[in-house]
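**Student:** The following block contains the structure, expressed as structure tokens.
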Amino acid sequence: MRPLSISTAWEETKAILARDGGLLAAVALALIVLPQVVLAVAGAPVGPEASYLSKLLYVAVVLLGIVAQIALNRMAIGAAVMVKEAIGEGFVRLLPVMAVFVIVIIGLVIVTMVLAVILGAAGLATLKSAGQPPTAIVAVLVALTALIFAIFQLVFPIAAVETGNPIRLISRSWQLARGHYLRLLGFVVTIFVGLGIVVIATQVGLGSLIVLLLGKPNPGSLSALVLGLIAGVIQAAFTVVTAVMLARIYVQLAGRSEAQPSVPSSGI
């Protein structure tokens, strides 16, 4: 088991962001910010009246976000690579990564159902009202999801620089994460708590101000455009920082020789 230092990964992340932030931001702009703005203007797929266009755009935004995550990981891991090559690798490895998360979600559902039966038989989880799952089941599901994501988040950097089918990606993630579950879980919790604070503060502050000045964010409105831009920038910043951090964590756990990141090329 190789050692893992979150503080070292953070110091390397700051150095990479200071040096190569422009190239990383260009990837995030193309694959995260612009799709988010288009989705916001078209209208988020919420409610039964949601159009097929908005649903398709939402799927595209999610897929492009995964591509961006893989590409950013590739750029931050260390070996010199052109930006267009990193993005191309993101598209190539998209399907295996998607397959991993489908497998993981199916496994999570099965485990949750088994635990629900056990807790129900023990009288620890009872259905309070129709349509509302027991609190114990919700707590177990949240805990399992956090722990599983803490482990399988490593799929992104593994897919960025290693080869293999979805099963190999899963086993490799498990191998690298073994013995570091609490550190990786702490990293995930810290990131998502921080993101939650930023999103809430933005919605309460800037979001309310924009709605007050520009009106409700109806599809096609200026208000929707501005709110989509803000949401895209926040998500892009979050993705860039976490992707670089995760890449440096992977370098430590994998013991790769390129522990010192090199400068990526714009490739234009």
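**Student:** Please list, ordered by residue number, the helices (runs of 4 or more DSSP H) wholly in region 147-233 having 1 or more residues that are among the basic types (Lys, Arg) and either surrounded by 19 or more Cβ atoms within 10 Å (Cβ to Cβ) or without any contact (Cβ under 8 Å) to a residue 12 or more places away in the chain (or both).
**Tutor:** Those helices (runs of 4 or more DSSP H) span 166-177.
**Student:** Going by what's in this entry, would Val67 be described as among the β-branched types (Val, Ile, Thr), surrounded by 13 or more Cβ atoms within 10 Å (Cβ to Cβ) and in a helix (DSSP H, G or I)?
**Tutor:** Answer is yes for this residue.
**Student:** Here's another thing I want to ask about it. Sort out which residues of region 43-64 are modelled with pLDDT under 90 and either surrounded by 20 or more Cβ atoms within 10 Å (Cβ to Cβ) or outside any helix (DSSP H, G or I) (or both), and write them in order of number.
**Tutor:** Gly43, Ala44, Pro45, Val46, Gly47, Pro48, Glu49, Ala50, Ser51, Leu57
**Student:** So Val240 ticks every box in (1) at pLDDT 85 or above; (2) out of contact with any helix residue (DSSP H, G or I) (no Cβ under 9 Å at 6 or more places or on another chain) but one. Which box is left unticked?
**Tutor:** All conditions pass for Val240, except number (2).
**Student:** Sticking with this structure for a sec: Glu258 passes all but one of (1) surrounded by 15 or more Cβ atoms within 10 Å (Cβ to Cβ); (2) modelled with pLDDT under 80; (3) under 16 Å from Pro157 (Cβ atoms); which number fails?
**Tutor:** It is condition (1) that Glu258 fails.
The values are calculated or read from the model by the stated rules, or taken from the named source; none is laboratory data. Computed from a predicted structure; not experimentally measured. Please note: Cβ atoms are built from the backbone with ideal geometry, for glycine as well, and neighbour counts cover all protein chains shown.
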